[in-house]
Amino acid sequence: MNKDDCIFCKIVKKEIPASIVFEDEELLAFKDINPIDKVHLLIIPKEHIENLFSCEKKHKELLSKMLLLAPKLAKENGLEGFRVMINSGEKGGQEVFHIHFHVYGGSEKIAKI
Ligand code: 5GP
Ligand code: ZN
């Protein structure tokens, strides 16, 4: 998939709607359309990067920003505990090829997938 047909790039450009919970110059976070837990957010970079396989040293600050945003958003959304999941590659369960961190939690027993 190239970035012109990338659904998450379209969300970044506000061409399709999403429930956005955070935005700055580099990152966007929004609610997953098909949540697997009471709270299920996706943190993405605005830059189109396919997945962890495409990440290089130059992305280390961006990746750490994404990771550090997770506990902030978890807290703001009332979570006392959460899980971060990063599916990478088709065989890693990735369906949208624009890197995203799933941040989810809220049920008694955390969902495992
Ligand atoms: P993956 O399997 O690639 O790690 O996860 C993709 C996630 O994106 C899925 O959890 C799916 O529900 C979510 N998703 C797919 N399309 C959309 C969309 O148009 N809007 C939102 N908010 N989430 C989406
Ligand atoms: Zn994209």
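The values are calculated or read from the model by the stated rules, or taken from the named source; none is laboratory data. Everything quoted here is computed from the prediction, not taken from an experiment. Note that each Cβ is placed from the backbone with ideal geometry, even for glycine, and that neighbours are counted across all protein chains shown. Accessible surface areas use protein heavy atoms only, side chains included; no ligands, DNA or RNA. Shrake-Rupley method; radii C 1.70, N 1.55, O 1.52, S 1.80 Å.
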* Surface accessible to a 1.4 Å probe, per residue, for the residues of the chain, Å² -> 63
* Asked: Taking H as built 1.01 Å from N, whose amide H comes closer than 5 Å to the amide H of I99, not counting residues under 5 places away?
  -> I49, E50, N51
* Asked: Extension gain E80-E95, at 0.36 nm per residue separation less the Cα-Cα distance, in nm?
  -> 2.6 nm
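Summarise the accessible area of the chain (1.4 Å probe, protein heavy atoms) by the percent that is carbon and sulfur. Numbers along the way, then the final one.
Numbers: 3710 of 7160 Å².
Carbon plus sulfur share of accessible area: 52 percent.
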* **Theoretical FRET efficiency, 1/(1+(r/R0)^6), r = Cβ-Cβ of E61 and E108, R0 35 Å, to 0.05** => 0.45
* At q = 0.12 Å⁻¹, what is the base-10 log of I(q)/I(0) for the stretch 7-95 according to the Debye formula with one equal point scatterer per Cα and no solvent? Please give it to two decimals. => -0.37
* Using alpha carbon centroids, what distance separates the stretch 42-57 and the stretch 61-113, in Å? -> 14
* Modelled FRET efficiency - R0 22 Å, L68 with D4, Cβ distances, 0.05 increments -> 0.15
* To do: Evaluate the relative contact order of the stretch 1-79 (contact order divided by residue number), counting alpha-carbon pairs under 8 angstrom at least 6 apart; express in whole percent.
  => 21
* Asked: For the stretch 50-102, what is the largest minus smallest coordinate of the Cα atoms on each principal axis, given in angstrom and ordered from greatest to least?
  -> 31, 25, 13
* To do: Within 10 Å, count the other beta carbons around each residue, average over each peptide in 72-80, 51-59, and list them highest first.
  => 72-80, 51-59
* Structure fact -> For the stretch 17-29, Karplus-derived ³J(HN,Hα) couplings (6.51, -1.76, 1.60; θ = phi - 60°; whole Hz; x for glycine and proline) come out as x, 7, 7, 7, 10, 7, 8, 9, 5, 10, 10, 9, 10
* Per the helix-only calculation at 222 nm, which mean residue ellipticity applies to the chain, given -39500 (n - 2.57) for every DSSP H run of n ≥ 4 and division by its residues, nearest 500 deg cm²/dmol? -> -6000 deg cm²/dmol
* To do: Any chance you could run the full-extension gain for K14 through S54? It's 0.36 nm times the residue separation minus the Cα-Cα distance, nm to one decimal.
  => 12.0 nm
